[in-house]
Amino acid sequence: MRIDILTLFPDMFAPVLDTSILGRAQASGALEVQLFDLRDWTHDFHRTVDDDPYGGGPGMVMLVEPLASAIEDIKTRDPRPAHVIFFTPTGTPLKQARARELSEGSGRLLLVCGHYEGIDERAYAWADEEISIGDYVLTGGELPALVLIDAVTRLLPGVLGHAQSADDESFVEGLLEYPQYTRPSEFRGMMVPEVLLSGHHANIAAWRREQAFKRTFLRRPDLLDEGGQS
Ligand code: 4GS
């Protein structure tokens with residue numbers, strides 16, 4: 001998959017993208033990331049990317065012109081059509097099912113990271129999709145872009161070692177993940193549940209299903225209402 005990123009802060013990405021599984025995904029060719037600095041599509045001496053909001057109010061608003069020019073230009077850099085995603089708290093909340101679809105989709109994403117108070121509303125005409133990573137306010141769309149890249153990349157073929165690990169965990173079956181343990185079997189009086197030490201695979205599977213269901217009921221009953229469409 002090719003992922004293009006349009007941002008004012010390209011330096012924010014390498015430390016995350018070059019580490020651990022994302023680093024390996026790039027080394028193997030499963031993931032290709034291209035960073036683009038929005039200031040490269042400005043034309044004035046100060047390389048201006050924002051201005052005061054019409055109607056007044058605090059903060060600055062990103063200009064539509066550099067965003068539109070940059071997106072149109074970046075789209076031509078590869079023959080594959082780019083699916084353009086903007087990050088905003090007013091977007092559709094990101095769920096595992098959407099991450100899965102994007103990992104199986106066209107093979108090319110263009111992630112647009114806003115900064116400052118917001119983006120001129122007219123720029124959203126260049127968005128195919130608007131995504132929120134949660135109901136809180138960040139300083140920019142860079143961290144949301146990294147969250148999306150992480151969630152999508154681990155679902156790409158060959159990225160995770162174990163074929164199983166990508167679909168055994170939380171959300172995939174609409175439930176939270178069951179609790180996990182490793183050595184030692186006792187730590188400061190806290191025991192690992194007996195059934196996990198039993199070697200009885202059917203009992204272990206049943207215990208995990210029950211734990212996943214109980215946890216979901218207690219902590220995220222909203223997921224049970226969603227009918228497993230997460
Ligand atoms: C989010 C979010 C976000 C909103 C970007 C204020 C700078 C900021 N983007 N999910 N302007 N939550 N964006 O907080 O996607």
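FYI, it's all coordinate maths here, none of it is from the lab. Because the structure is predicted, anything quoted here is derived from the model rather than measured. Cβ atoms come from the backbone with ideal geometry, glycine included; neighbour counts cover every protein chain shown.
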#### Entry: Test set (1) hydroxyl-bearing (Ser, Thr, Tyr); (2) within 20 Å of Pro157 (Cα to Cα); (3) more than 21 Å from the chain's Cα centre (by Cα) - Ser20 fails condition number
(3)
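Does Asp78 count as free of Cβ contacts under 8 Å to residues at least 12 places away in the same chain and out of contact with any Phe, Trp or Tyr (no Cβ under 6 Å at 6 or more places or on another chain)?
No: the conditions fail for Asp78.
Collect the residues in the stretch 1-42 that are buried (at least 19 other Cβ atoms within 10 Å of the Cβ), among the aromatic types (Phe, Trp, Tyr) and not in a strand (DSSP E or B), keeping them in residue-number order. Let's see the steps before the verdict.
Filtering the stretch 1-42 down to residues buried (at least 19 other Cβ atoms within 10 Å of the Cβ) leaves 1, 3-8, 13, 17, 22, 25, 31, 33, 36, 38, 41.
From the residues that got through so far, the ones that are among the aromatic types (Phe, Trp, Tyr) too are 13, 36, 41.
Phe13, Trp41 - these are the residues of the stretch 1-42 that are buried (at least 19 other Cβ atoms within 10 Å of the Cβ), among the aromatic types (Phe, Trp, Tyr) and not in a strand (DSSP E or B).
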### Query
Taking the stretch 96-136 as the search range and keeping residues that are among the β-branched types (Val, Ile, Thr) and under 16 Å from the mean Cα position of the chain (by Cα), which one is nearest to Ser69 (Cα to Cα)?
Val112
